[in-house]
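This report refers to the structure that appears directly beneath it.
The values are calculated or read from the model by the stated rules, or taken from the named source; none is laboratory data. Just so we're clear, the structure is a prediction, and the values are computed from it rather than from any experiment. Backbone-built Cβ (ideal geometry, glycine too); neighbour counts: all protein chains shown. Just the protein is used for accessible areas: all its heavy atoms, side chains included, with ligands, DNA and RNA removed. Shrake-Rupley method; radii C 1.70, N 1.55, O 1.52, S 1.80 Å.
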Amino acid sequence: MPALPSWLTEPLRERFAVLLPERPEYHPDHPLGCHRRRISDRIIFDKTLHLLRFGCSYEAIADTTCPATTIRSRRDEWIRLGVFARLKQIALDAYDRIVGLALDQIAVDGSITKAPGGGEVAGRSPVDRGEQGLKRSGMTDGYGIPLGRVLAGANCHDSPLLAPTLDRLDDLGPLPDEVTVHLDAGYDSNKTRTMLDERGLHGRIANKGEKAPIQASQRRHVERTHAWQNALIAVGVDADGHRKILGLDVATAEDDTGRPAFLRSLIAHGLPGVQLVVSDAHAGLVDAIGAVLPGAPWQRCRTPPTP
């Protein structure tokens, strides 16, 4: 099953191959010169696309052509060489040339995700019982095209990550004369406004304590981009202990409408009486469960559900 259509992957693969250094088929230091052949970069590249497209584990995508350890080691090698960073810049330049980036409207926001394997920047998650998690500070253009992101521990507030996230604009070349940065109420401070003024950027920031629909601003684009990376999935367990995927959806935003709409869609598709709901302790999710499934008791999950 192809991860992406060939008209997209073939040019991408050709660009990627040009960035890779030449490697001998056999390791030159082997005394007999007959060590096992190096697995083709093309195979690793295709496996990487599947990982990014379907979100599966390395073990799930591994097969007789390539083990999971080789995919990881080649990935780390390409990261050290800066190949992915250069490919990203090539893709952005091509998009800007053919379609055009809307750099006069920038949106920045943070999103928390799980990090069960830890990592260099993982930290205690405030919405997941202190388990390891990541904060992704993402930046998009006026149409939601990702421009850059900064990673930090899940317990890091969004506002300190704004400056390093905006630093990613330096890779995009000259900016329009007037650039508006759209931010939610988490960035509502004099420090943020001073920092934007020093950079010559205009800030449109939601006010703390005042609810405003996300559709009223350009923030919806970065929220939608975050949602593409964090799908909503519901897994049900029947009386016999059999699990079944009840629904899968990508919300257009991490707001107060996406989660209730997802739960209501489960009911609309015939979800029977729910006896127990187990989920993360995210306040928006817990509120949505209480509103849509008022008769069902709720319990905080100990481990993330898997289909």
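Exactly one of these conditions fails for residue 138: (1) farther than 26 Å from residue 84 by Cα; (2) in contact with a helix residue (DSSP H, G or I) (Cβ under 7 Å, 6 or more places away or on another chain). Give me its number. All conditions pass for residue 138, except number (1). Among the criteria (1) surrounded by fewer than 21 Cβ atoms within 10 Å (Cβ to Cβ); (2) under 19 Å from residue 92 (Cα atoms); (3) in contact (Cβ under 8 Å) with a residue 24 or more places away in the chain, the one residue 139 does not fulfil is (1).
Condition check: farther than 24 Å from residue 149 by Cα, modelled with pLDDT under 85 and not in a loop (DSSP other than H, G, I, E, B). Does residue 60 satisfy that? So residue 60 fits the description; yes. Scanning the range 262-288 for residues that are part of a loop (DSSP other than H, G, I, E, B) and within 28 Å of residue 130 (Cα to Cα), we see that the one that is farthest from the chain's Cα centre (by Cα) is 275. Note on the range 120-175: residues that are assigned to a helix (DSSP H, G or I) and more than 18 Å from the chain's Cα centre (by Cα) amount to 8. Quick one: in the range 166-210, of everything that is open to solvent by less than 30 Å² (accessible area, probe 1.4 Å) and among the polar types (S, T, N, Q), which residue is farthest from residue 103 (Cα to Cα)? Out of the qualifying residues, it is 192. Scanning the range 221-233 for residues that are at pLDDT below 85 and either open to solvent by less than 100 Å² (accessible area, probe 1.4 Å) or aliphatic (A, V, I, L, M) (or both) turns up 221, 223, 224, 225, 226, 227, 229, 230, 231, 232, 233. The combined condition, being at pLDDT 90 or above, part of a helix (DSSP H, G or I) and out of contact with any strand residue (DSSP E or B) (no Cβ under 9 Å at 6 or more places or on another chain), is fulfilled by residue 79.
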